[in-house]
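K.L.:
Okay, handing you the structure first.
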Amino acid sequence: MKTKFFSMLAVAAMLLTTSCSNDETNELISGEPVTTSFKVQLPNSIGTRPNKGAKKAFADGKTATVLKYMVFDENNNRVKEIPTGEQAIINKSADVQLSLFTGKKYKIVFWAANAEAPYTIDETGKVTVNYEGMKTNDESLDAFCRCYEFTAGAEVENPVKLYRPFAQLNVGTKDMDKAVKAGFNKDNAKTKVQVSGIANALNLLTGEVS
């Protein structure tokens with residue numbers, strides 16, 4: 001009787017020890033920091049073909065030279081331990097490395113634009129646009145963004161593709177040479193386009209405009 005009793009105690013103790021050991025191991029694995037690499041990629045041109053003799057198509061994305069990124073948790077709270085990052089864009093892509101905690105859900109905001117473009121992004125993930133002095137057919141205004149939801153430790157989308165947040169209006173002509181030959185002075189020509197209801201702020205985290 002005593003032998004069985006002590007045997008049962010030994011088994012119970014072994015099971016308890018095993019259970020605690022597994023719990024501690026799982027907690028350690030799910031909460032440990034892991035360095036994760038993201039290859040961020042800009043899209044190709046929007047499909048506007050170059051005119052005959054032109055060097056390139058409109059809006060090929062090459063004017064976006066700086067990538068900014070910031071990390072939020074799943075409840076849209078800024079992860080202040082990870083400062084806002086900035087990375088040079090080379091050949092329309094950039095490599096970003098972040099130290100994240102395995103098993104935790106994140107929202108990573110990416111914003112790509114030209115360094116001189118009139119866009120400002122704050123710590124809430126909101127981009128503000130200054131329209132003053134903007135010109136038509138100015139490719140330096142091209143920009144790309146994405147709010148990428150990711151669980152640390154999971155497989156990363158390869159590549160993480162960004163998208164244009166703005167509607168783009170290109171104004172062009174196919175008969176300028178003929179017009180010039182007919183006496184048209186293109187240097188003094190002006191074209192005006194009026195659009196109403198334009199927003200000047202976009203929250204990259206929520207998609208809200210204002």
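The values are calculated or read from the model by the stated rules, or taken from the named source; none is laboratory data. Keep in mind it's a predicted model, so treat the numbers as computed, not measured. No Cβ is skipped: glycine too gets one built from the backbone with ideal geometry, and neighbour counts run over all protein chains shown. Keep in mind that these areas ignore ligands, DNA and RNA; they rest on the heavy atoms of the full protein, side chains included. Shrake-Rupley method; radii C 1.70, N 1.55, O 1.52, S 1.80 Å.
K.L.:
Can you figure out the FRET efficiency of GLU155 with SER93, using R₀ = 22 Å and their beta-carbon distance, to the nearest 0.05? Walk me through the intermediate numbers first.
P.N.:
Numbers: r = 19 Å, r/R0 = 0.85.
Given R0 = 22 Å and the Cβ-Cβ separation, E is 0.70.
K.L.:
Additional query: Taking the highest mean first, how do the peptides 98-104, 133-139, 61-67, 81-87 order by number of other beta carbon atoms within 10 angstrom per residue? The partial results should precede the final answer.
P.N.:
Working: 98-104: 16.3, 133-139: 11.0, 61-67: 19.0, 81-87: 13.4.
Output ranking for 98-104, 133-139, 61-67, 81-87: 61-67, 98-104, 81-87, 133-139.
K.L.:
Could you sort the peptides 175-181, 186-192 by per-residue average Cβ neighbour count (10 Å cutoff), highest mean leading?
P.N.:
Working: 175-181: 11.1, 186-192: 7.0.
Going by the mean number of other Cβ atoms within 10 Å, highest first, we get 175-181, 186-192.
K.L.:
A follow-up question, please. According to the square roots a ≥ b ≥ c of the eigenvalues of the Cα gyration tensor, what is the shape class of region 120-190, taking rounded for a/c under 1.5, prolate for a/b larger than b/c otherwise, and oblate for the remainder? Can you show the working numbers first?
P.N.:
Working: a/c = 6.47, a/b = 2.44, b/c = 2.65.
Cα axes put region 120-190 in the oblate bin.
K.L.:
If ligands, DNA and RNA are left out, what is the accessible area of SER196 with a 1.4 Å probe, given in Å² to the nearest 10?
P.N.:
110
K.L.:
Another question, then. When the chain is fully extended, how far beyond the present Cα-Cα distance does THR120 get from ALA189, taking 0.36 nm per residue of separation? The partial results should precede the final answer.
P.N.:
On the way: separation 69, 0.36 × 69 = 24.84 nm, distance 3.21 nm.
That works out to 21.6 nm of additional length.
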